[in-house]
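Please treat every number below as a calculation from the coordinates, not as lab data. Keep in mind that this is a model prediction, so the values were computed, not measured. Note: ideal-geometry Cβ built from the backbone for every residue, glycine included; neighbour counts use all protein chains shown.
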């Protein structure tokens, strides 16, 4: 099941499956992402929101953020990801976070870790997320500085990692797969395992939402990316399960989007636009001017539009259930919805071969 980029997918289970089926049938937005700021103290070479850092409306006012939280909760949201930029730079973070907890939302937080002081960790212990995801760009100081455009942050991150043990929330260490750090992926995964954390690797680097293709230069060859992604037997088995049991609570072969965006998931950006997901910034409403329900209905209508011819050809591919090519990626490349990122296609074929789904050297 391929979810919208950036949205945290809850653990699967009987009641979750039933809930998502009901949400899909009734178009209830149970999963969402709230980007509270585009401000960031890092200048990462691969960042897909790079170029938004100087936009006029870069941080949601705290009162407005609380109003948006109320509106998405009233619309049926259950799982909400709080992200940025660096969300802990938001001046009203604690207030809006406590407000979301008070509304009963199950929260996740994405952070680069630089703002996770002892005091902030104590706050999160008192008002815990379900999941805290911390980016680990490199275990080497020089590489970390080169990736993030910072100095002095690597030591702080290394000191932070042990402090995250035995907290009242799950911790995930994640890393983007880059030319500068790809050889460190096994070591970062080992550290996550050592401390009992989850691990996630972002294997596909995208252009920026402002139109720059420069992050794509940091991609490693797709076959190498696939070999790293499929290192662990459990991951290979998970992919095989997704391939053979590609059941989702909606028909992913109809409509312009193959994911849950506009079915039961959404993204609210720091400029208060409502979008399909974090990479597909095609506004379906401005929450300064209208309610979330109005924008959500508009997104649902868009989601039901028919696919183009090229995209339809993709849907005939036997690997479609494990492929992430979508109009959102086309949008980042400045192309029409029928555009297919050849790197994503090559990567999908390579992971399928690594998992034994198709013979090596097969062209699907």
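General remarks:
- 38, 143, 120 arranged by Cβ crowding within 10 Å, fewest neighbours leading: 120, 143, 38
- Projecting the alpha carbon convex hull of region 206-364 along each direction and taking the average yields 10.0 nm².
- Rounded to 5, percent antiparallel among DSSP beta bridges of the chain: 10 percent
- When shorter helices are ignored and each DSSP H run of at least 4 residues is given -39500 (n - 2.57), the per-residue value for the chain at 222 nm works out to -11000 deg cm²/dmol.
- Neighbour counts of C-beta atoms inside 10 Å place 271, 190 in the sequence 190, 271, starting with the fewest.
- Whole-percent P(r), region 145-198, all Cα pairs, 10 Å bins from 0: 21, 51, 26, 2.
- Least to most buried among 179, 349, 316 (fewest other Cβ within 10 Å first): 316, 179, 349
- Separation of alpha-carbon centers, region 294-350 and region 170-214, rounded to whole Å: 23 Å
- Normalising the Debye intensity of the chain to I(0), with uniform scatterers on Cα atoms only, and taking log10 at q = 0.12 Å⁻¹ returns -0.92.
- Pairs of Cα atoms farther than 20 Å apart, region 284-344, %: 40 percent
- Max mean-square fluctuation residue, GNM over the chain, Cα-Cα springs under 10 Å, options 93, 110, 123: 123
- Note that region 11-152 carries a Kirkwood radius of 16.5 Å, evaluated over its alpha carbons pair by pair.
- Over region 14-306, Cα pairs under 8 Å with separation of 6+ residues give a relative contact order of 23 percent.
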